[in-house]
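See below for the structure under consideration.
Each reported figure results from applying straightforward, stated rules to the coordinates on display, with no laboratory input. Source: prediction; values computed, not measured. So basically every Cβ, Gly included, is an ideal-geometry build from the backbone, and we count neighbours across all protein chains shown.
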Amino acid sequence: MPSRLTLTLPPGFGSSEVEVDSKRFSIGRTPENDLVIDDTTLSRRHVLIENFDGVFNLSDCGSANGTLINGRPVTGPAELCDWDVLTFGGVSDIVVRIHGETQPTQVAVERPALIAPSVNNPAVVSSRNVAHRPGTAAASNQFSFSGPVIAAAAAVVILLLAGLVLLANKGSSSNRNSKLILNRQQPVNENDNDNNNRASLPTPSEGPPESNSNASADRRSSPDSAEFSTIEGYASRVLSGISAREPHPVLTESPLREINAQVQRYHGSSTLREELQAMKRALPQVSAIAKSNGVRTPLAVYATLARIEKDGDRGDPVLVAGQITAALSRTRAMFGDELANDSLLWVASLEEGPGLQQKIHNLSGHVTDSVTAIRSIWYLRDHQVISSDTYDFVLRFIAIGVIAQDPQKFGIAAEPLTSDSLSPPNR
């Protein structure tokens, strides 16, 4: 039976149990997450839980108030174990349960009484690490205690438990002011034969994902947090449009700042305006070329525009799209397209060439991070696996995708590239 993970939330949420039912499960304050906890101490996207064949890793998504596992700060991908206790910002006492296959590194322990362990109480948190060694029980029989000693010990235990109840109630006070929302996404039809081409470009009527009035809680250093939130919403759409099964990709603060900076460089660009107008006219042909090569249309459109823009506005969109999609289709077997990061590797390979796969393989032999973490443009840039030119091209690709959804919002007098434009004109 495959392992599955559930999170038992604290009494402030009615001790609700939530199943982590996807390979990438995001938790945060805003509606695009799989689990929404409406609490101002959480960031918009606070944490991500990834399932690697029954092994669950948790990563903090650059949150302002941090994430703790058993009272210890999360500074990188961390494997979750049965009975771990999580804290997201000010929401504490979230208990991890892993069901199914037994983890070989775990020691079975009895579930604590009705009170969930509290990170404010290290004695309780550390109880999951206590292993009963063979012979311990036999050794204890070598000692005998008189009735009064046992009675005194019982009294001390009762007093300790009463103190724990008070601490747990105090630690959960912020949870009672929080609101839990379960955001279940529509399942993906895995039998859809046209799945690789189903991401028509977003329509302007959709607008960016709704920003939260408490955005300043996790963007304290960002005076332009409203604009930043808009960029985040559009960038998330770009990434979801180029992936097969990732409706809400996670972007942390650092990449978002770089994407935002690239978008601002294009603000009011007359060159990009002309390129968008030319792509608008060529969209039906570019879409057909993408479909014939097994490439998702948004991926082909944004990569074509990025190539034309980088080359100095040289090239017909249809001809460039033919070259781009042929190159992109050759990378499918190497990287896949299930996640947005997989598809971004396709984009990077346009600059790096087929040697990118070998570079990633070589890196994996020298680091201990998860495969998903390694197969990320941001990780590869940090470890100097890809060149600065390649990284800039990927940023250009995302920034153009952001602008194409609503050019006028960014000072460019062009019509949006929408799903309606993908159909041939009426005859």
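Would you work out the charge dipole size for segment 269-325 about its Cα centre, treating the Cβ of every Lys and Arg as +1 and the Cβ of every Asp and Glu as -1, and quote it to the nearest 20 debye?
200 debye
What does the C-alpha gyration tensor say about the overall shape of segment 276-409? Classify as rounded when a/c is under 1.5, otherwise prolate if a/b is larger than b/c, or oblate.
Verdict is prolate for segment 276-409.
Out of LEU299, ILE398, VAL371, whose Cα points farthest toward the positive end of the dipole of segment 288-410 (charges: +1 Lys, Arg; -1 Asp, Glu; placed on Cβ)?
Final value for the positive-end residue is LEU299.
Among 368-380, 70-82, what's the highest-first ranking by average C-beta atoms within 10 angstrom per residue?
368-380, 70-82
Could you give the C-alpha radius of gyration of segment 248-319 expressed as a fraction of 2.2 N^0.38 Å, taking N as the number of residues it contains?
For segment 248-319, the normalised Cα radius of gyration is 1.24.
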